[in-house]
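The values are calculated or read from the model by the stated rules, or taken from the named source; none is laboratory data. Values in this document were obtained by computation on a predicted structure and should not be read as measured data. Here the Cβ positions follow ideal geometry from the backbone for every residue, glycine too, while neighbour counts run over all protein chains shown. SASA here: full protein model, heavy atoms, side chains in, ligands and nucleic acids out. Shrake-Rupley method; radii C 1.70, N 1.55, O 1.52, S 1.80 Å.
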Amino acid sequence: MTMSKARKLKFEIFRYNPEDPASKPRMETFELQETPFMSLFIALNKLREEQDPSLQFDFVCRSAVCGSCGMMVNGRPALACKTLTAQLESTIRLHPLPAFRLVGDLSVDTGSWFRGMTERVQGWIDEKAPFDPNAQEERMDDELAQAIYERERCIECGCCVASCAVANTRPAFVAPAGLNRVARFMMDPRDRRKTGDWFEVFASDEGVFGCLGLMACQDVCPKELPLREVYAYLRRKALTGVLSRKAKPV
Amino acid sequence: MKITDVLVIGAGLAGERCAIEAAAAGHSVLILSLVPPRRSHSCAAQGGMQAALGNCAKAEGDNPDVHFLDTVRGSDWGADQEVARIFADNAPIAVRELAHFGVPWTRVRPGKNRYHIKGEQVEIDEPADKAGLIMHRDFGGTAKWRACYAAAGTGHATLYAVDSQVVRLGIDVLDRMEAIALIHDGERCHGAVVRCLRTGRLDTVLARATVIATGGYGRIYGGYTSNAVINEGTGAALALDTGIVPLGNMEAVQFHPTGLWPAGILVTEGCRGDGGYLLNAAGDRFLVELEPEKQELASRDVVSRHMMNEILAGRGVDSANGPHLWLDLRHLGEEHLTTRLREIYEICRDFLGITPWQELVPVRPTQHYSMGGVRVNKDGQAYGLSGLFAVGEAACWDMHGFNRLGGNSLAETIVAGRVVGMSIADFVARGGPGPEAALAASALAAQQARITALAARPAGGRTLYQVRDEMGEIMMNRLGVFRTGDEIETAVADLQHLLREVSTMGLRSSSPGLNPELTYALRLPGMLKLALATALGALARKESRGAHYRTDYPQRDDAEWLKRTLARWQPGAEAPDLSYEPVGLLDLPPGHRGYGASGHVDLPVTLEEYNQGVASAQAAQGCLETKEPIGARLRPGAWRGAFSAPS
């Protein structure tokens, strides 16, 4: 983490303001003196505060838990808050995440995308009975609770979507985050839906069968979600879903 | 112009839980959020949510009475005890409801479990009949293990579960939308003027009920806070700008003992609850001697003061960024740190390159929570302005008084969301005069004029961000863990100077659309006003209570100060007007908290005498009529049968 000597960093940043008719998409270059433990959060704020007040980018928690600051760092999707400049060459290229609508400069509209995805995959608990305020909670094995939490850890940063060749070319694809979400609710015993109820959402080429298996999603996921396991789980479920359908008396 | 029954400003846990309640009652609801809802600061809460379910062995005998006792003691008797009662009674229901919404709570594992308690590894048998129920972890200032948790991602898991219900109910959320002024006629609130954070365009939203749910204002401490960058107190500033609605107890600012140093990112109290401990430069566990009973798990204000004393006495660890202390998690082991404290492991690794089962974690107290906020009655309705509500950290509902216990904020969001949501549904159902379009037009014009005037000012001189940084230095250095009258006086003068300075500052950028500099220019004066309300409240309060510690007045003085500060800001004034109201009806009589230094000046009257004047004194301050009379939910004396908390 410690640096041998202070570097001068060169930032090449994508610029475009859709609200300004005079604005054209372009790259702009900035220079900044590197400081110890400098993250892209620190660097971008310094650039905006000291050099160009119009620069647009998103941060919220600045501690890698909210998912706001996904962007392309040297061509690779990453969370800017936890990307330390010391990990990078002295020239740093920043672009907005592809596959999302651009808001301006490095800022993209992940909110609409994820709300749409949640609506599409019905990413909520469809509970078996109404809530009874006087009843004890339904019991759950801690192992299972941990397994659900493991799927739940997605922070909707969009890095997996941006890295996905299919999601970039086919907007209908529910993308890694969507598939992970389906798996999360499918494995939750509090949800009354059967595998077959999810069938159209995930067992098609807009779902898990659209995945080319390139696995860039797992490579770039800042929370290290085991997406390969998710797809295997869904494919297994798809198969047993088909078999159980066929086994039904006609 | 948009029209809705209920406008909720803020899409964190409190705002969304409130919105669900109003929508489930059949009202149209519109939520505004600076960022997509799941980015709200609620998602960053790590440790847990207090609810007296009494499920694990160390929670045996827990119930809402004990939770009530802990909360009032923790507040240093600054809490409204009826609200603390409503909270403690409803927390188990609200937490179980979250299980129903799908939160993957950590569950009780029957049989032998290993824990770390006060530095010792112990084995405890978890009862077989509680297997699979919601598990608890230990938190500071509580008599029982009570914090329900989902690994170290409780906020994330609960926010996602609640937001999924918002989506399921089809509630509209306008993200990247900021409310910049309330629309009101001096008696009733009719909605807000809003600014789109994608395009910069202004619009109005008319509503029968408007809810401020914008979280805390920790960013008035600049970078010295664990708060997210969006916690700039936009909602509290809106209320203050009405000149009618007071803010309560702004001087009550919580410092969290373990901010990662120097990044300022929070390391959950769950680390200490699970057995982590603090060390000074010599490697001594200084809290063992200073707080023999509770050690690392004394209340946050107490631990923070001991830490600062340790640093001031020269026993801190020297570093390039200034002295700090160590949090030792090594003995918890890799498995525990990568499962039940996984987020902490990731933060240590990503931001400092530290492996917490091998290395010590540098920590220092950091600004963390705003006990103060928009003063509301027990139904969540703001003082003085009918139809305006506030909920969560943005509100001073006042169950936290002068020190919030860990795990009580997350629990407050969902309990208050339910309670206040119901009272909003009721308020809307009762109808009353509808929103007036003419008011919207004039409010919109006034905001447009404000922006035009801002844009016309000449640029030059210091930047907004330099002013912000100076504000942060003033707040941390003079309104931090320790305060004295002299220092606060200079802070007030300096903050007033900054407020005058920003009123003449121009913008360097004229970029059309969002214009991040303009966005900040609209917020900064409000932040300075919140800072001034904090400073002046602290200057006037000549005692020490909870997190407000005056070295020149180290005693808690119930004879003079068993009251809540109210700050109102008249249009054009240089400073807020301060006034006071009694903290609320008393049930648990003021006494020693069971940790921290003892010593206080007693209440000179009996509880009965004190309680007699409360309702009328609060009504005189603008407290609106509540659904049930004041005190109706208090259950006086019920706590007497409870296990007595920290001895």
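Before moving on, here are some points about what is shown:
- Cα gyration tensor, region A:137-250 - rounded (a/c under 1.5), prolate or oblate: oblate
- For region B:491-507, 3J(HN,Hα) computed residue by residue from phi via the Karplus equation (6.51, -1.76, 1.60; θ = phi - 60°) reads 4, 4, 4, 5, 5, 5, 4, 5, 5, 5, 4, 5, 6, 10, 6, x, 9 Hz, glycine and proline entered as x.
- By accessible area with a 1.4 Å probe, ligands and nucleic acids excluded, highest first: order of B:THR339, A:THR118: B:THR339, A:THR118
- Euclidean distance of C-alpha centroids, region B:534-606 and region A:172-239, integer Å: 54
- Inter-label distance for B:ARG450 and B:ALA313, nm, one decimal - labels placed 7 Å from Cα along Cα-to-Cβ: 4.9
- Protein heavy-atom accessible area occluded, A/B pair - total, 1.4 Å probe, Å²: 6100
- Stretchable slack from B:ARG500 to B:ARG109, in nm (0.36 nm times residue separation minus alpha-carbon distance): 134.8 nm
- Within region B:320-360: backbone nitrogen closer than 20 Å to the A:GLU50 label point (7 Å, Cα to C-beta): B:320-322
- Relative to the longest principal axis of the Cα atoms of chain A, the long axis of helix A:175-186 makes an angle of roughly 40 degrees.
- Counting only lysines at least 8 places from B:LYS627 when in the same chain, those with an alpha carbon closer than 30 Å to its own are B:LYS2, B:LYS378, B:LYS563.
- Computed from backbone phi, the HN-Hα couplings of region A:203-208 come to 9, 8, 7, 8, x, 5 Hz, rounded to whole numbers (Karplus: 6.51 cos²θ - 1.76 cosθ + 1.60, θ = phi - 60°; Gly and Pro given as x).
- Order by protection proxy (mean Cβ within 10 Å, highest first), peptides B:36-42, A:140-146, B:467-473: B:36-42, B:467-473, A:140-146
- Protection proxy ranking of B:578-584, B:271-277, B:551-557 - average other beta-carbon atoms within 10 Å, highest first: B:271-277, B:578-584, B:551-557
- Take region A:154-250 with all the other protein chains still there, run a 1.4 Å probe, and you get 46 Å² of accessible area per residue.
- Using R0 = 56 Å, the C-beta based FRET efficiency linking A:ALA22 and B:ALA282 works out to 0.35.
- When the other protein chains are added to the chain by itself, burial of at least 40 square angstrom of heavy-atom accessible area (probe 1.4 Å, ligands and nucleic acids ignored) affects these residues of region B:483-521: B:ARG508, B:PRO512, B:PRO516.
- Note on surface exposure: B:THR484, B:THR565 rank B:THR484, B:THR565 by accessible area, highest first, 1.4 Å probe.
- In region B:30-66, the residues that give up 50 Å² or more of accessible area when the other protein chains are added, compared with the chain on its own (1.4 Å probe), are B:ARG38, B:ARG39.
- Those residues of region B:376-414 whose amide nitrogen sits under 16 Å from the label point placed on B:VAL605, 7 Å along Cα→Cβ: none
- Rounded tilt (10° steps) of B:464-478 against the dominant C-alpha axis of chain B: 40
- Ranking B:SER319, B:GLY235, A:ALA177 by how far each Cα lies toward the positive end of the dipole of the protein assembly as shown (charges on Cβ) leaves A:ALA177 at the top.
- Candidate lysines for bridging to A:LYS5, where Cα separation is under 26 Å - those fewer than 8 sequence places away on the same chain excluded: A:LYS46, A:LYS82
- Packing order of peptides B:197-208, B:147-158, highest average first: B:147-158, B:197-208 (average count of other Cβ atoms within 10 Å over each peptide's residues).
- Acute angle (nearest 10 degrees) that the helix B:408-429 long axis makes with the longest principal axis of chain B, alpha-carbon atoms: 40
- Using a probe of 1.4 angstrom and keeping all protein chains present, the accessible surface of region B:47-171 works out to 23 square angstrom per residue.
- Surface composition of the protein assembly as shown: carbon and sulfur atoms hold 51% of the protein heavy-atom accessible area at a 1.4 Å probe.
- Which listed pairs, of A:LYS194/B:LYS58; A:LYS194/A:LYS223; B:LYS118/B:LYS529, have C-alpha distances above 32 Å, in listed order: A:LYS194/B:LYS58; B:LYS118/B:LYS529
- For region B:188-280, with +1 on Lys and Arg beta carbons and -1 on Asp and Glu, the positive-most of B:HIS256, B:LEU279, B:VAL205 along the dipole: B:VAL205
- The protein assembly as shown - share of DSSP beta bridges that are antiparallel (%, nearest 5): 70
- Accessible area per residue for region B:227-311, computed on protein heavy atoms with a 1.4 Å probe, is 21 Å².
- Buried on assembly, region B:122-163 (at least 50 Å² less accessible surface than by itself, 1.4 Å probe): B:LEU133, B:HIS156, B:TYR160
- Listed by chain and number, the aspartates and glutamates placed with their C-alpha closer than 15 angstrom to that of A:LYS8 are A:GLU31, A:GLU34, A:GLU89; residues fewer than eight positions away on the same chain are left out.
- Charge tally for B:GLU123 (other residues, Cβ to Cβ under 11 Å; Lys, Arg +1; Asp, Glu -1): -1.
- Size of charge dipole - chain B - debye, nearest 20, with Cβ of Lys, Arg +1 and Asp, Glu -1, no other charges: 1200
- Accessible surface of B:ILE124 - all protein chains present, 1.4 Å probe, nearest 10 Å²: 30
- Put simply, the amide H of B:GLU581, placed in the peptide plane, has neighbours under 5 Å in B:ARG564, B:LEU566, leaving out anything fewer than 5 places away on its chain.
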